[in-house]
1. V196's amide H: which non-local residues (gap 5+, or another chain) put their own amide H closer than 5 Å, with H modeled 1.01 Å from N in plane and none for Pro or chain starts?
2. Kindly express, to the nearest 10 degrees and within the range 0 to 90, the angle between helix 66-75's C-alpha long axis and the longest C-alpha principal axis of the chain.
3. 5 Å is the cut-off here: which amide hydrogens, built 1.01 Å from N in the peptide plane, fall below it relative to V243, excluding neighbours closer than 5 in sequence?
4. Percentage of Cα-Cα pair distances in region 142-274 greater than 20 Å, rounded to whole percent?
5. What number comes out for accessible area per residue over region 229-318 if the probe is 1.4 Å? Units Å², please.
6. Tell me the angle of helix 276-286 to the major Cα principal axis of the chain, expressed in degrees between 0 and 90 and rounded to the nearest ten.
7. After finding the eigenvalues of the alpha carbon gyration tensor for the chain, what semi-axes result from the square roots of 5 times each, listed largest first in whole Å?
8. Using each residue's phi in region 100-113, evaluate 6.51 cos²θ - 1.76 cosθ + 1.60 at θ = phi - 60° and report the 3J(HN,Hα) Karplus result to the nearest Hz, with x for Gly and Pro.
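The values are calculated or read from the model by the stated rules, or taken from the named source; none is laboratory data. Computed from a predicted model, the values in this text were never measured in an experiment. The protein model used for the area step is the full one, side chains on, heavy atoms only, and it has no ligands, DNA or RNA in it. Shrake-Rupley method; radii C 1.70, N 1.55, O 1.52, S 1.80 Å.
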Amino acid sequence: MISKRSNLRERITLITGANGEVGHGLIQHLSATRGASNVVVLDLRGLDESMRGLVNRVIVGDILDNELINLLLNEYEIDTIVHLAALLSTHSEFNPETAHRVNVQGTVNLLKLAIEQGKTRAAPVKFIFPSSIAVYGLPDLAEKAAAGAVREEDYLYPTTMYGCNKLYCEHLGRYYAHHYQQLSATPSVRLDFRCVRFPGLISAYTMPTGGTSDFAPEMIHAAVEGRPYTCFVGEDAQIPFMVMPDAIKSLLMIAEAPASALRHSVYNVSGFSLSARQVADRVRRDFPDAHIAFEPDKSRASIVSSWPVDVDDSAARQDWGWSPEYDVDRAFDEYLIPVIKDYYANRPKAN
Ligand code: SER
């Protein structure tokens, strides 16, 4: 019966939270390289009209809706889940319990979906999960400076609900991947959980919403658009960043790595580390008249202070050949500045 049912179902990749900036980047990349006609997306807000034609189906829905999760199980054979849906760190601090429901219960629902799918397939379901530098919590600026690039297992004392949620979900992924294997009379792997911890992400096309690393993308987009910008962290605030093409590259690389190469389920990835002042200086090279002021917001600035100055991504480099395409010069000169300039120059004018 089971194999008959699986034959009837269309084989797909499911992307949750697809209307966010990583989702857009991933769909655009898949569509341009290998096609996204097997991609089904799930997002509370649907998918921007410009992208709808690129994917197989857009489901407007909530990852907390168990009926919807069951429908997905009945209708599709899901071989990969890219679970992007989450409330980011600043947003989550305004309503931590809601964040917990979305970020943790939502992830449990998707992990359970993967486990159920795994029962009907010969191969385990791949579960690709973006975690974050928010899982780290450095106690003070002196320790942050002394720690330098932190390894995956160090300083795991998140100060935000989002960071707590991401760290816990990393553990849940590892738990679900092993738990059912141990319980089963005929052990088989149903879930192949793989996670990258992202630094602050910067896209030339979209702005993040509700994150705390947003000061960098906001500053860059404001300068190109000719708007003044007031930065919510101090000039010395420093964390690692990565441009969107590298974020997409890391998701695809970890998804495609042979299971035998992966010594861990969670890997740091990084692009370059910059202070807010250095971001402003880079922006002023191209836009000398940019108006950038610094008026730190106490709570947002303290979140950035608790994040590491950089992360050590040597395990990803060793195990699955990770290396970013974009250092800081290439990120600004070949991606951010020209692409954002082009975007604002060609955007339809409001009447
Ligand atoms: N960009 C995320 C945030 O600021 C951190 O990973 O919440």
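1. F129, S131, Y267
2. On a 0 to 90 degree scale, this one is about 60.
3. I202
4. Pairs farther apart than 20 Å: 58 percent.
5. Result: 41 Å² per residue.
6. Helix 276-286 sits roughly 70 degrees off the main axis of the chain.
7. 34, 24, 18
8. 4, 4, 5, 6, 9, 4, x, 5, 4, 4, 6, 5, 5, 4
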